[in-house]
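Read the structure below first, then the notes.
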Amino acid sequence: MNVINPIYYAEEGIKQINQFIKTNNPTKIVFLVDENTHEFCLPQIISEIESESEIEILEIESGEVNKNLYVCINLWEALTELKIDRKGLIINIGGGVLTDMGAFVANCYKRGVSFINVPTTLLSMVDASIGGKTGVDLGSHKNQIGNFALPELVMVDPGFLSTLSKEQILSGFAEIIKHGLIADEKYWKEITSLNGIHLEDMDDLIRTSIEIKKEVVSQDFTETGLRKILNFGHTIGHAVESFFLEQGNPILHGEGVAMGMIVESYISVKKGLLSELEYEDIKEYILSLYKKIDIKEDYFKEIFNFMQNDKKNTNNEIKFVLLERIGKAVFDVAVDEDIVKQALRNYNQL
Ligand code: GLY
């Protein structure tokens with residue numbers, strides 16, 4: 001089995017999509033978009049697609065609250081009404097919500113139709129759309145339902161980033177920071193020496209981040225071990241994100257992950273792994289970019305409930321990915337609740 005999906009950039013990506021269509025001659029092509037990618041990205045892509053196949057467009061509403069099974073059912077019904085058969089092709093154009101859900105919808109419909117991911121947010125380019133994870137939320141539990149399914153290919157076009165807000169860029173940038181912290185000290189130094197976050201730097205950063213993720217995923221596609229390191233910052237981050245989603249006050253994924261990386265770096269120090277000095281560097285850098293999230297003591301109980309449901313846990317223990325040093329992560333570290341609470345309190349006082 002292919003361990004990672006082929007990833008192509010910009011014009012080469014369009015060329016490869018056209019090649020796939022020419023070779024496979026899909027009965028129909030369905031573009032799955034949200035209201036933003038419908039307006040800002042689809043026209044360009046459609047104008048470059050060379051195909052005789054009939055084209056359909058399905059639009060969903062953007063936002064994490066729409067990443068659920070109800071929307072999937074609507075999409076499966078729409079695909080059925082459109083008479084999409086197993087030789088159809090679904091092209092997912094959007095951010096992490098859309099590519100995660102679109103991949104899941106494609107992979108379950110009639111036991112699987114081909115799909116292509118075209119990530120249009122930084123988050124989706126460097127993380128969500130690559131590596132073959134699909135998923136939707138169950139209530140406030142993030143990505144609780146999903147599977148592993150590889151797209152035929154992924155087309156990454158950093159040109160789409162110019163349509164994004166600063167917050168969206170910052171959200172994806174948290175995953176770039178994560179890649180440096182877990183796997184590559186040199187990359188971390190490169191990131192932290194940048195003078196702010198600028199679109200002109202993104203092309204190189206995206207390529208390096210994708211290489212790091214590919215390297216990890218190709219060693220452990222179904223996340224039985226090493227791939228867990230990609231969840232650094234996410235045990236806390238996902239729980240906090242789920243908590244605020246449940247409150248009807250969602251935060252961006254990257255904001256949760258940025259906060260989670262500070263808290264989990266602190267836990268790494270408390271577990272005798274990371275040095276205080278490196279923790280200070282991580283904390284200072286992340287706080288220079290991301291606003292602090294107010295985590296009141298009253299929220300802890302609910303946040304722990306979400307953490308207990310984390311997919312990395314076994315035997316009712318909360319398992320963390322921690323840092324041994326910048327550039328080296330370890331996984332499956334059980335951490336006492338008291339240390340986690342101490343780390344959350346420490347974050348609050350920053
Ligand atoms: N987003 C983490 C992973 O793909 O494994």
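Filtering region 49-87 to residues that are in a helix (DSSP H, G or I) and surrounded by 13 or more Cβ atoms within 10 Å (Cβ to Cβ) leaves E64, V65, N66, L69, V71, C72, N74, L75, W76, A78, L79.
Hey, does region 226-239 have a residue that's more than 16 Å from the ligand (Cβ to nearest atom), more than 14 Å from the chain's Cα centre (by Cα) and surrounded by 23 or more Cβ atoms within 10 Å (Cβ to Cβ)? The answer is no; no qualifying residue exists. Within region 130-142, restricting attention to residues that are buried (at least 24 other Cβ atoms within 10 Å of the Cβ) and more than 10 Å from the ligand (Cβ to nearest atom), which residue is nearest to Y8 (Cα to Cα)? Only one residue tops the list, namely T134.
The lone criterion from (1) more than 30 Å from L322 (Cβ to Cβ); (2) assigned to a helix (DSSP H, G or I) left unmet by P151 is number (2).
Does any residue of region 120-129 turn out to be at pLDDT below 95, under 17 Å from C72 (Cβ atoms) and under 11 Å from the mean Cα position of the chain (by Cα)? Checked region 120-129: at least one residue is at pLDDT below 95, under 17 Å from C72 (Cβ atoms) and under 11 Å from the mean Cα position of the chain (by Cα).
Looking at E52, E61, just one residue is modelled with pLDDT under 95 and among the charged types (D, E, K, R), and that residue is E52.
Within region 165-180, the set of residues being among the aliphatic types (A, V, I, L, M) and either under 13 Å from K213 (Cβ atoms) or away from the ligand (no atom under 15 Å from the Cβ) (or both) comprises I169, L170, I176. Quick one: is E200 of a type in the set (D, E), modelled with pLDDT under 95 and more than 14 Å from the ligand (Cβ to nearest atom)? For E200, the condition - of a type in the set (D, E), modelled with pLDDT under 95 and more than 14 Å from the ligand (Cβ to nearest atom) - is met. Answer yes if at least one residue in region 175-189 is within 17 Å of the chain's Cα centre (by Cα) and aromatic (F, W, Y), and no otherwise. No, there is no match, as no residue in region 175-189 is within 17 Å of the chain's Cα centre (by Cα) and aromatic (F, W, Y). Just one of (1) surrounded by fewer than 16 Cβ atoms within 10 Å (Cβ to Cβ); (2) on the phi < 0 side of the Ramachandran plot fails for F300. It is (1). Taking region 202-227 as the range and being under 12 Å from Y187 (Cα atoms) and of a type outside the set (A, V, I, L, M) as the test, the residues that pass are D204, R207, T208, S209, E211. Can you spot a residue in region 276-283 that is over 20 Å from K341 (Cα atoms), within 16 Å of the ligand (Cβ to nearest atom) and in a helix (DSSP H, G or I)? Within region 276-283 (the criterion being over 20 Å from K341 (Cα atoms), within 16 Å of the ligand (Cβ to nearest atom) and in a helix (DSSP H, G or I)), the answer is no, since none of the residues qualifies. Among the residues of region 244-261, those identified as in a helix (DSSP H, G or I) and surrounded by fewer than 24 Cβ atoms within 10 Å (Cβ to Cβ) are F244, L245, E246, E255. Among the residues of region 78-94, those that are in contact (Cβ under 8 Å) with a residue 60 or more places away in the chain and touching a strand residue (DSSP E or B) at 6+ places or on another chain (Cβ under 7 Å) comprise G88, L89, I90, I91, N92, I93, G94. May I ask you to list the residues in region 76-113 that are charged (D, E, K, R) and either under 30 Å from G254 (Cα atoms) or under 18 Å from the mean Cα position of the chain (by Cα) (or both)? D100 - this is the single residue of region 76-113 that is charged (D, E, K, R) and either under 30 Å from G254 (Cα atoms) or under 18 Å from the mean Cα position of the chain (by Cα) (or both).
Can you confirm whether K213 is in contact (Cβ under 8 Å) with a residue 60 or more places away in the chain, within 13 Å of the ligand (Cβ to nearest atom) and not β-branched (V, I, T)?
Working: in contact (Cβ under 8 Å) with a residue 60 or more places away in the chain: yes; within 13 Å of the ligand (Cβ to nearest atom): yes; not β-branched (V, I, T): yes.
So K213 passes the test.
When residues in region 187-238 are screened for being in a helix (DSSP H, G or I), more than 30 Å from I339 (Cβ to Cβ) and not acidic (D, E), 9 of them pass.
Can L161 be described as part of a loop (DSSP other than H, G, I, E, B), of a type in the set (A, V, I, L, M, F, W, C) and free of Cβ contacts under 8 Å to residues at least 60 places away in the same chain? No: the conditions fail for L161.
Quick grid of which residues meet (1) free of Cβ contacts under 8 Å to residues at least 12 places away in the same chain; (2) under 29 Å from K15 (Cβ atoms); (3) not basic (K, R):
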position: H179; (1), (2), (3): no, yes, yes
position: I197; (1), (2), (3): no, no, yes
position: R207; (1), (2), (3): no, yes, no
position: S218; (1), (2), (3): no, yes, yes
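A search for C-beta distances below 6 Å between a residue of region 320-331 that is in a strand (DSSP E or B) and any residue that is of a type in the set (F, W, Y), counting only pairs 6+ apart in sequence or on different chains, returns V321/F232; V321/F331; A329/F232.
The values are calculated or read from the model by the stated rules, or taken from the named source; none is laboratory data. The structure presented is a predicted model; accordingly, all values stated were derived computationally and were not measured. Every residue, glycine among them, receives a Cβ derived from its backbone with ideal geometry; neighbour counts consider all protein chains shown.
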